[in-house]
Amino acid sequence: MGKVPQHRNQPRLNSTYREILSICKRLAGFPRHLSIHSGGVIIAPDRLTKYTSLEVAGKGIVISQYDMHSIERLGLVKMDFTWGAVAHYHHRVSRTG
């Protein structure tokens, strides 16, 4: 509270406000929204539903409910492919037959 000029001279907060501030500090690091990486692919040795929950997002896209780091902790691999990389490798494969 001492960092906010309007509250520097405020008396100590009661326990309810201290608890609210404590919760706010913990929530501050959480993601604010889900995002979808158009080139994100999860690689697993079996059906993904054996490892992670899936949901249908906007436009009917199936996504994992975990971010990249959480997926890796489950022992799965998440690869991010950009359309430039896909086009590059498609061109190389089509040249080599």
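A few remarks follow.
- Considering the range 69-86, the residues that are within 14 Å of the chain's Cα centre (by Cα) and surrounded by 15 or more Cβ atoms within 10 Å (Cβ to Cβ) include one that is farthest from Phe30 (Cα to Cα), namely Lys78.
- Of everything in the range 1-49 that is part of a helix (DSSP H, G or I) and among the aliphatic types (A, V, I, L, M), the residue that is modelled with the highest pLDDT is Leu48.
The values are calculated or read from the model by the stated rules, or taken from the named source; none is laboratory data. Just so we're clear, the structure is a prediction, and the values are computed from it rather than from any experiment. No Cβ is skipped: glycine too gets one built from the backbone with ideal geometry, and neighbour counts run over all protein chains shown.
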